[in-house]
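Read-outs throughout are calculated quantities, based only on the coordinates presented, and are distinct from any laboratory measurement. Quick caveat: nothing in here was measured; it's all calculated off a predicted structure. Cβ coordinates were reconstructed from backbone atoms using ideal geometry, including for glycine residues, and neighbour counts include every protein chain displayed.
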Amino acid sequence: MSKIVRGISFLTVSRPDIYDYLRCPKIVSIKVYKNTRTPKPERVAVRKSESKTALIGKIGEAATQLAFSPELESGKLASLGEEIVTGSISSKGGPVEGLRGTILRSLSAQIHQLPKSLELDMKNVVRETFEGLDEITRDVKDAYGNVTVIGKGESRYETLPTMGYPDFVALTNGKPVLIEVKNTVRENSKLDGFQASFYNSLAKTVGVVIQDMAIDDGVLETRPRMVLERDANALIVYPRLKTWKSVTDTVDLGPRVVKDVWRAKQLGLLGKSPRTKCSSDCPHHKFDIELPEGNMEIAKPLPLILAKGSVDLGVDFDYEYLENYLWRVAPSLSTALSEMRFGRDTVPETQRKKLRGMLQDKFDLDESTVRRLVPKTGHAKDEPYPSYKEILREEASEIEPWEKLLPRKILRSASQTAQGRATRLYRLPKESSRVIRKTWKKW
Ligand SMILES: [Zn+2]
């Protein structure tokens, strides 16, 4: 068996892994085997056609966001599309309001910078997309009533150390709907449908985390929100095909399936594959690699091990989420906060009180969190943070199975990547440690 030369594909169970698994579990093992035995391909410069595809996708997303924004009357999209094409973004009714203006101007600028031939192509795409969405929104409103995009979606699923990223989360009658935009001229019903079902399953099981951008009564909101444990279903919107569909199917993402996928991946590391009863035309044969069958006890996902280790050593992921969030949306506020905590006695109590009130109002924080952000005096000490080594020591017995699976050097770099992943996955607006502990039990 050839040696493992890189190890990237086993940090998580991803959507493509599940897709492969449902075709045949052996495909999962074969792919891991292949990927870990071939050196990383050199980076190829982004080709023109790829950036074109990306721009078409962007046009679709922008148009969809506008189509389902609260202030836009229906039937107005085609004319917005025309404004982008001609580069004359109108500002009737006062200056073009924040979000809409930003979206229109940025698209228009991007398109007008393109080489002439491409520019013409893209202008047609804009027209098709915006016209298509006029029809689609009318239809969707008939079916659902008002649908309002409230943010970028991000769902997390407990057993799966992975995130789902539907394009948008919208609300209709208080219920979340996930919206996925496909701005292609062809439907790939098998793959698109699978993707939507996958998001559905994530949303049904753990709920939807809504990222920063959020609109409430037409006003941009600044606080992170999380809609937990509520059903959502997914709409796939095809603007240029003037069509859409609702996907209510889910994929079985129960712990048994997830662990099976995980086992298939780890077997792939060992150059083995799970036992299956494949027919002679099973798609796994196409890979021209037949791995011997085997079985094994699985090692838990590295990001989960590291997240649990951090929580056990006292890391507060909720608070970290908040700090990080404040840095992103209000850097100057964060600088002020750091002055409050570490700047000794330069800031008087009256100012501290004012800031606390503002934080409570604007970010909907509770009293104890606000006190932590703005303490009585500026003599705070940096909170001790466990080092990466300490976390590994804390979780030594869980890391051990990995030591048998991966060469030392690769495990070290994988753990570092996994730690970054752990923060991204488990740092939630609230109840991070509950989610981590609940997940732990399922493994
Ligand atoms: Zn097979």
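Checked against (1) free of Cβ contacts under 8 Å to residues at least 12 places away in the same chain; (2) surrounded by 13 or more Cβ atoms within 10 Å (Cβ to Cβ); (3) not small (Gly, Ala, Ser), residue 115 meets all criteria but (2). Screening the stretch 12-36 for residues that are surrounded by fewer than 17 Cβ atoms within 10 Å (Cβ to Cβ) and more than 29 Å from residue 423 (Cβ to Cβ) and picking the one that is farthest from the ligand (Cβ to nearest atom) gives 34. For the stretch 287-310, state whether one or more residues are in a helix (DSSP H, G or I) and within 16 Å of the ligand (Cβ to nearest atom). Yes. Of all residues in the stretch 263-286, those being near the ligand (Cβ under 9 Å from one of its atoms), small (Gly, Ala, Ser) and within 31 Å of the chain's Cα centre (by Cα) number 1. Against the list (1) in a helix (DSSP H, G or I); (2) exposed (fewer than 14 other Cβ atoms within 10 Å of the Cβ); (3) not hydrophobic (A, V, I, L, M, F, W, C), the condition residue 318 fails is (2).
Pick out, from the stretch 330-394, the helices (runs of 4 or more DSSP H) lying fully within it that include 1 or more residues that are touching a Pro at 6+ places or on another chain (Cβ under 7 Å), free of Cβ contacts under 8 Å to residues at least 40 places away in the same chain and surrounded by 13 or more Cβ atoms within 10 Å (Cβ to Cβ).
331-342
Return the residues of the stretch 130-144 that are closer than 29 Å to residue 174 by Cβ and touching a helix residue (DSSP H, G or I) at 6+ places or on another chain (Cβ under 8 Å); say none if nothing qualifies.
130, 132, 133, 134, 136, 137, listed by residue number.
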